[in-house]
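The values are calculated or read from the model by the stated rules, or taken from the named source; none is laboratory data. The shown structure was predicted, so the numbers you read here are calculated from the model rather than taken from an experiment. All Cβ positions, even for glycine, are placed from backbone atoms using ideal geometry, and neighbour counts span all protein chains on display. Keep in mind that these areas ignore ligands, DNA and RNA; they rest on the heavy atoms of the full protein, side chains included. Shrake-Rupley method; radii C 1.70, N 1.55, O 1.52, S 1.80 Å.
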Amino acid sequence: MGGHDGPEYAAWASALGTMYAPRKVDQVLDAFFGSADTTIDGESHLLKYTYHSGPGIDERMLVVVEK
C-alpha cells in the first residue's frame, strides 16, 4: 500500500463518516487528510481523529465513540 493519500483511504474515511456522522462527511475527510487532532460531533457518535508524525511513518487514528 502507498501513503495515506490513496483512494482506498478516502473511501474508508468517507464510509466511516457516512455511517457515524452523515451530515459531516466532508469534515471527516478534511480531518483524516490533515495533521491536526480533531473531534467531529455527529448526530449519535463522536469521531476522534489523532495524528502523530513518527520517525518512520505518520500515524493516523480515527476512533468512533457512541454518545
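Remarks
- Identity of the residue in segment 19-46, of a type in the set (Val, Ile, Thr) and farther than 12 Å from Val64 by Cβ, that ends up most open to solvent (accessible area, probe 1.4 Å): Thr38
- Residues that are open to solvent by 60 Å² or more (accessible area, probe 1.4 Å) and of a type outside the set (Lys, Arg) within segment 47-62 comprise His52, Ser53, Pro55, Gly56, Ile57, Asp58, Glu59, Met61, listed in sequence order.
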